[in-house]
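Below: the structure, in structure tokens.
The values are calculated or read from the model by the stated rules, or taken from the named source; none is laboratory data. Predicted model only: the values in this text are computed from it and were never measured. All Cβ positions, glycine included, derive from the backbone under ideal geometry; neighbour counts span all protein chains shown.
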Amino acid sequence: MESGRTHTHFGLFPFSLLFLIFFCAYPLASLAAEQITVFSPKGTQFAGAPIFFHIQTKNIVLPQSATLYYRAKGITVFRRLSMKKETEVDFRVLLDARKVIPPGIEYFFVLKDKMGHIFTFPKFDPKKKPYSLKVELDKRPPHLVKTVPARRATISEARHAITISFEDKETKVDTKTVRISIDGTDITQLAEITETEAKYTPVAPLDYGKHTISVEMQDICGNRLRPQTWDFTIRRSARLQKASADIQWDGEFRHLAAHHEDNKDPSWRLQSSATLKSALESGPFKTSLDGNVWYTEEQGPGPEGDRFNLNNYLYKAGYGKQSFEFGDVTVQGTELISQSIARRGGVLKMEAGGTKAQAFALRSNAVTGFEHLIGINQSDQRLVGVSLSQDMLKDKVLVAKGTYITGKNHSPDNYNSSTLEAGTEGDIYSLGLSSEIIKEKLKVDGEYSVSKYDSDVSDNIGKTTDKAWLAKVSGKGTRYDWEAKYKYLGPEFQSIVNATGATNRVEYQAAFGLRVSSSNFRLTALRVVDNADEDPLMPVITNTTGTFTYNLSKPKWPSFFFNYSLNRQDSSDEPQNYSPIKNQTQTMGGGLSLSRNRWSIAPTYTFTTFDDKSAATNNDSRTHVATISGSFRPIDTVSINPSISYTNLHAEATDVTTKTYQGALGAVVSLHNRTVDVNGTLSYLDNKADDGSSHTTTFNGIAQLNWHLEKIFSTKGRQTLSLRAQYSRTEDHVTHKITRDGTIYCVLSFGIPIKLF
């Protein structure tokens with residue numbers, strides 16, 4: 001049976017006409033999930049990169065907790081992950097990068113309100129019909145985004161900071177592979193390098209005249225950016241004076257012109273944000289203020305929470321190597337405490353010779369908005385800490401770092417890592433040693449930490465004390481890198497910074513990478529033992545994972561990749577009435593990518609097998625996934641992007657084979673010197689079980705006509721007027737139910753740069 005007729009003001013003729021013109025479409029969310037909005041993840045994800053899940057509830061009174069259930073495609077058992085409560089309606093969690101493997105992730109959400117009511121999303125039978133994410137391997141190298149000084153720039157300051165911004169659109173840059181040189185001298189060890197940026201301020205003024213910068217790097221999958229080189233010139237001039245302030249104003253107004261009668265979208269919605277960037281420099285003194293505010297409004301009661309709010313802000317002031325920051329700051333921590341601590345508060349950094357010191361006061365839970373503008377005014381919601389780093393021997397032959405943090409989190413709602421019921425307090429001490437014995441070829445790191453932690457301040461137990469330590473040895477050369485690490489976390493060890501971190505665990509990790517000509521090889525091994533101190537009430541669970549990856553990237557050749565992973569999970573010392581765990585997962589996949597001037601093609605294949613060797617269960621499964629995607633650009637103003645995939649999943653427990661066929665066709669056509677363009681996507685999904693228990697077919701589409709007003713009126717920034725049509729049709733062949741939805745929107749979007757001074 002069809003789910004209803006179209007509303008009288010949803011014109012069939014204009015909607016059909018749009019699809020005849022645009023032949024495009026876009027997936028729409030199923031109406032079964034109308035009580036949440038999934039802000040992320042969206043689109044294809046990439047192996048080796050963590051996945052950020054962010055949802056917002058609607059029409060659920062007093063939501064209390066949310067849980068993410070996830071599994072790799074081909075695996076039967078779902079694993080659970082508690083989500084962090086950011087606001088009354090926002091929940092977030094980060095899925096570890098090691099869990100993100102091809103061909104994809106299946107997941108669903110379970111929400112609970114304060115009345116004890118349980119909600120699942122998808123709404124009906126989420127274990128059999130979960131949400132799905134596609135996971136692919138990274139095949140493209142990083143690229144440079146911005147360089148300061150710019151190519152062929154002429155500057156006045158002889159100690160001008162050199163900043164190189166870069167990105168990898170699919171995964172992330174491997175910071176260990178970044179190499180920077182100035183005039184042929186390697187200054188990599190003197191630079192501050194993150195996954196998106198490298199910064200270096202010359203120790204002494206550079207000579208006047210021409211200078212050459214060179215940089216190269218790889219991403220975490222071994223894709224190499226070949227050396228990039230550019231020049232800049234320092235002229236003789238007076239001391240540089242700089243003052244600037246810019247605002248980037250972005251927004252979108254969307255009006256619902258027509259819709260299907262079952263559609264519940266608001267008739268209009270306005271959302272806007274403004275980003276401030278300002279800086280003042282005078283000799284060694286530098287100060288800046290950056291911030292972002294947003295505004296949103298729609299028909300009806302409007303979005304939950306404030307309609308006008310502060311997203312983030314950061315004030316910096318520095319003189320030479322001394323600096324002070326206030327606002328949404330990030331403090332560099334340690335691996336056992338927390339690699340980085342991002343909170344609202346303040347941090348003071350000082351440096352002299354080989355000594356670096358920092359002191360900070362931060363709010364213990366993550367916040368946004370104007371309500372907690374200062375962030376540290378509540379003594380029971382505060383982290384206070386200091387750290388001191390000292391070069392014991394020159395050239396980083398031996399560096400010691402000590403850190404101490406004390407804090408209270410008596411109101412753990414919106415805690416940075418999870419939603420907790422009880423207030424907590426704690427102290428943590430850390431001593432780390434680092435040594436570059438043979439420069440980059442041999443580096444040794446170690447850390448020892450002691451924590452005192454009270455997991456519930458309402459009881460009389462008080463703080464418990466425990467320890468943790470790690471040792472790491474690594475090295476890298478021109479064509480290779482390697483690493484070996486051991487980590488121990490005591491049963492009662494807990495950092496007040498990360499209240500839900502793992503405990504009672506031992507980790508062994510090793511990795512080796514080799515680059516030969518156009519080939520990249522990488523081997524990794526990881527062994528994790530949980531309940532390492534053998535609590536008699538819990539089993540000892542061991543997870544052992546090994547991976548091998550190979551990439552071939554040669555100019556004018558097809559790019560080729562192959563990967564293999566093996567994971568074994570075993571339990572021992574099980575308590576009475578506990579079923580032993582013993583299973584094994586193997587995944588192998590490969591593919592190639594061939595690109596030419598106007599076309600590209602990329603076929604891939606992945607096979608995953610799950611062998612459940614436990615005596616009590618039989619959850620064996622086999623999964624085959626084959627995909628082929630490509631692009632075709634017959635002329636400069638037309639782009640076509642087709643893709644098809646086939647998935648075959650056989651579950652031994654039910655002896656059921658589920659086949660999934662999926663196809664998509666996207667296109668963009670630019671007209672009138674790119675002042676007008678038409679874009680859209682059509683997608684088709686058919687999912688069928690061979691026992692007849694399930695069979696659904698879904699068609700989704702979107703077509704959009706855009707007028708780029710800035711090109712018509714020669715204005716700055718971006719102003720686009722769009723007409724957007726969307727349609728979806730889902731048919732359940734078992735229940736013979738058909739669900740339709742459709743909308744037509746008029747959209748005005750803009751991005752306007754405003755130069756204040």
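Only one entry in 279, 258, 317 is within 22 Å of residue 751 (Cα to Cα) and either in contact (Cβ under 8 Å) with a residue 24 or more places away in the chain or outside the structural domain of residue 194 (by TED's automatic domain parsing) (or both), namely 279.
In the set 465, 478, 403, only one residue is closer than 25 Å to residue 191 by Cβ, outside any loop (DSSP other than H, G, I, E, B) and not assigned by TED's automatic domain parsing to the domain that holds residue 96; that residue is 403.
Scanning the stretch 474-490 for residues that are surrounded by fewer than 16 Cβ atoms within 10 Å (Cβ to Cβ) and either among the aliphatic types (A, V, I, L, M) or in contact with a Ser or Thr (Cβ under 6 Å, 6 or more places away or on another chain) (or both) yields one hit, 484.
Checking each residue in the stretch 670-704 for being over 31 Å from the mean Cα position of the chain (by Cα), in a strand (DSSP E or B) and not polar (S, T, N, Q) picks out 671, 676, 688, 689, 695.
Note on the stretch 51-63: residues that are of a type outside the set (A, V, I, L, M) and surrounded by fewer than 16 Cβ atoms within 10 Å (Cβ to Cβ) amount to 3.
Of all residues in the stretch 183-208, those that are under 14 Å from residue 159 (Cα atoms) have Cβ atoms under 6 Å from Cβ atoms of residues that are part of a loop (DSSP other than H, G, I, E, B), 6 or more apart or on another chain, in 200/187; 200/191; 201/161; 202/159; 205/158; 205/159; 206/158; 208/236.
Just to be sure, is residue 348 modelled with pLDDT of 90 or more, of a type in the set (A, V, I, L, M, F, W, C) and over 26 Å from residue 294 (Cα atoms)? Yes, satisfied. Examine the stretch 394-402 for a residue that is closer than 26 Å to residue 454 by Cα, surrounded by 20 or more Cβ atoms within 10 Å (Cβ to Cβ) and at pLDDT 95 or above, and state whether such a residue exists. No, that holds for no residue. Looking only at the stretch 705-727, residues that are of a type outside the set (A, V, I, L, M, F, W, C) and not in a strand (DSSP E or B) come to 6 in all. If you go through the stretch 597-637 and keep only what is assigned to a strand (DSSP E or B) and hydrophobic (A, V, I, L, M, F, W, C), you end up with 599, 601, 602, 607, 610, 625, 626, 628, 632, 635. For the stretch 483-499, filtering for residues that are under 29 Å from residue 219 (Cβ atoms) and in contact with a Leu (Cβ under 9 Å, 6 or more places away or on another chain) leaves 4. For the stretch 509-536, filtering for residues that are outside any strand (DSSP E or B) and closer than 12 Å to residue 572 by Cα leaves 5. Scan the stretch 258-268 residue by residue and report those that are assigned to a strand (DSSP E or B) and at pLDDT below 90. The answer is 259, and nothing else.
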